[in-house]
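Report on the following structure.
The values are calculated or read from the model by the stated rules, or taken from the named source; none is laboratory data. Bear in mind the structure is a predicted one, so any value in this text is a computation, not a measurement. We place every Cβ from the backbone using ideal geometry, glycine too, and count neighbours over all the protein chains shown.
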Amino acid sequence: MSNNRCRRFVRGISRRIPCFVAWSLLIVLSSLYFIFISPWIIIQLSILIPIIQGIILLFVINNFILAINTDPGRYSRAPPDENDDSETTFHKTVEIHGTQCRMKWCQTCGFYRPPRCSHCSVCDFCIDTFDHHCPWLNNCVGRRNYHYFICFLLSLLVHMFIVLSFCIYYILKNRSNIGDLSSIISLILMVLIFFLTIPIGGLTAFHLMLIIRGRTTNEQVTGKFKSNINPFDYGYLFNCSRIFAASRPPRLIYEKKSISKRKSNLYEIETKKENMKNGRYSNKTKHISMTSV
Ligand SMILES: [Zn+2]
Ligand SMILES: [Zn+2]
C-alpha cells in the first residue's frame, strides 16, 4: 500500500470513530435499559410504557441513519472544461430581499458559491445551506439532512429523559435491593444519561434558537448577519415550517456514473476524430464515429 493510500485509509478510519462511539452508546445503553429495567416496569406499571419507548427509539435510530446517509446538499464540481482557472474576481455580490450577499469563488469546485453555501474541508465539497460538519454523523449537516439532524436530537432528548426518569423511579422503589445487578445498571444509566443530557440538551436548544432566527451554525459562528439584516429570516413560523414541514429538496450532484460515462463518450469521440484524420479507421468504425459526432 502506498504512503498516500495508507494515510487516506487511516484518516477514513479515524473519521468513523466518533460515529461508532455514538452508535455504541445509543445501542448499548438502550439495550441495558430494555433488558434490566423494562421487565420490572411491565410487571409494576404497564406493558404500554416499553412499547411507546421502543417506538421512540426506532424514530431516533431512523433519523440517525437518515442524517448519516443523506446527501447534505453537495454541489457537483465544475467539469475541467468548464472550470475557468483564469478567474480573477474572487467575489461577486448579489442582492437578496434588499440585502447585499457576497458570493465567493471556490477554487476547488470552480464556481461562485451561492449564498449560504460553504466548502467543507473534511468532505471536500461545497454544501448547500451549510450548517456544520458533524463528526458524530461523519457527514455534513446541510439543507437536505438538517431536518433529520434536528429530529434526531429532539427524539434522542425525549428518549433520554424517559429512560432517566424510569431509572430514578426504579432506584426509589428498590432502595432495599440497591446491591442487585438491575439496581447497579440503573445507577450507571442514571449517571451516564445525566452527563450526556447536558451537552445534547444545550446543542438542541442552540439549534432551536437558530431555526427560529432563520440562521445556520456557520452564519451564527462567523457573525455573517451581525452588521446587516438576515435576508433568509422569514419570521419564526415560516422559519420553523421550512425545517420541520418542507419536503426534501432534490440532489444537486451529478451521478458519478453519468459523469464518467459522458467523459468516456467524449474521449471516444475525440479519439475517433483523431484516428479518422490519420486514416486509421475501418469503414464500420467511421460510420459509428460519424453518427456519434
Ligand atoms: Zn467548493
Ligand atoms: Zn463535511
Got at least one residue in segment 130-141 being within 16 Å of ligand 2 (Cβ to nearest atom) and farther than 19 Å from PHE206 by Cα? yes
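Each row is one residue, and each column tells you yes or no for (1) over 18 Å from THR129 (Cβ atoms); (2) out of contact with any Asp or Glu (no Cβ under 9 Å at 6 or more places or on another chain); (3) assigned to a loop (DSSP other than H, G, I, E, B); (4) touching a residue at least 12 places away in the same chain (Cβ under 8 Å).
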site: LEU187; (1), (2), (3), (4): yes, yes, no, yes
site: THR204; (1), (2), (3), (4): yes, yes, no, yes
site: HIS207; (1), (2), (3), (4): no, no, no, yes
site: ARG215; (1), (2), (3), (4): no, no, yes, yes
Selection from segment 95-129 of residues that are more than 13 Å from ligand 2 (Cβ to nearest atom) and either assigned by TED's automatic domain parsing to the domain that holds HIS147 or assigned to a strand (DSSP E or B) (or both): GLU95, ILE96, THR99, GLN100, CYS101, ARG102, MET103, LYS104, TRP105, CYS106, PHE111, TYR112
Scanning for something polar (S, T, N, Q) and surrounded by fewer than 16 Cβ atoms within 10 Å (Cβ to Cβ), does segment 55-68 turn up at least one residue? yes
Pairs where the first residue, in segment 95-115, is under 21 Å from ALA78 (Cβ atoms) and of a type in the set (Gly, Ala, Ser) and the second is within 16 Å of ligand 2 (Cβ to nearest atom) and outside any strand (DSSP E or B), C-beta under 7 Å, 6+ apart: GLY110/ARG77
Please work out which residue is surrounded by the most Cβ atoms within 10 Å (Cβ to Cβ), limiting yourself to segment 130-150 and to residues that are part of a strand (DSSP E or B) and away from ligand 1 (no atom under 14 Å from the Cβ). VAL141
